[in-house]
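A quick write-up on the structure given underneath.
What follows is calculated from the coordinates using simple rules that are stated; it is not laboratory data. As the structure is a prediction and not an experimental result, all values here were calculated from the model. Note: ideal-geometry Cβ built from the backbone for every residue, glycine included; neighbour counts use all protein chains shown.
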Amino acid sequence: MTTPGRLQAYRDDGAISLMLGRLAGGYVAPLHGFAVAMAVAGVLLAARVGEQRTLGLFAPVVALLLTGPSAGHPHDGRIDWLVPPGIRAIEYGYLAALGFAQDVAAPLVFVLIAVLAYHHHDIVYRARQGHRPSARFPVLRPGLGWDGRMLLVAFAGLSGLLPFAYATLAVYLGVTLVLGGVPSRAPSAEGVRAGTRGGVTLDLEEEEA
């Protein structure tokens, strides 16, 4: 079963979300704000964000203000596990809708989303192996966080530099994965204590107990 600590890691929050989460003190439950953010993002995507430049910036800001304050919450609710994949859906949907609406080349859009998906796969792998973001420097996230990436492409869309932003972001994430993600996949102390049997990860300490 996914632990609350892992759910927070799966969110892939950036500096702004983490700051809002610290200001909220962990008291903002994640599900309600996320549900509103998902609804608003869906409306904006249906309205074709690329045709209205102001909406292209509005969607990430709304998602950030509604979802960011819950970054410090332990995510221990019964269905709080829905929040991380929901944030992924908002981010991927926004990148695809904005890119296609502003005539970014389809291969470039697909490459960025593919690299981003592997980035999130790496986050899940790290969390399951017991790796956690640095407690000393929590805002120094190489992947920029979902909030940083969405705001970056939104401002690029307003500036008419969206294809350049997509290409730069894809290259940056790819280099980050190669230099920092893939080589670090050595099992941690927690991961060494875990074994696999029949494709299911087992905690050996719990089995011994």
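Data table
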read-out	value
Low-density loop cleavage sites - chymotrypsin sites (Phe, Trp or Tyr not before Pro) in region 80-111, where at most 13 other Cβ are within 10 Å (DSSP)	none
Estimated distance in nm for a label pair at residue 22 and residue 58, the labels positioned 7 Å out from Cα along Cα-to-Cβ	3.2 nm
Ranked by how many other beta carbons lie within 10 Å on average, peptides 60-69, 33-42, 82-91 from highest	60-69, 82-91, 33-42
Label-point separation in nm, residue 36 to residue 121, each point 7 Å along Cα→Cβ	3.6 nm
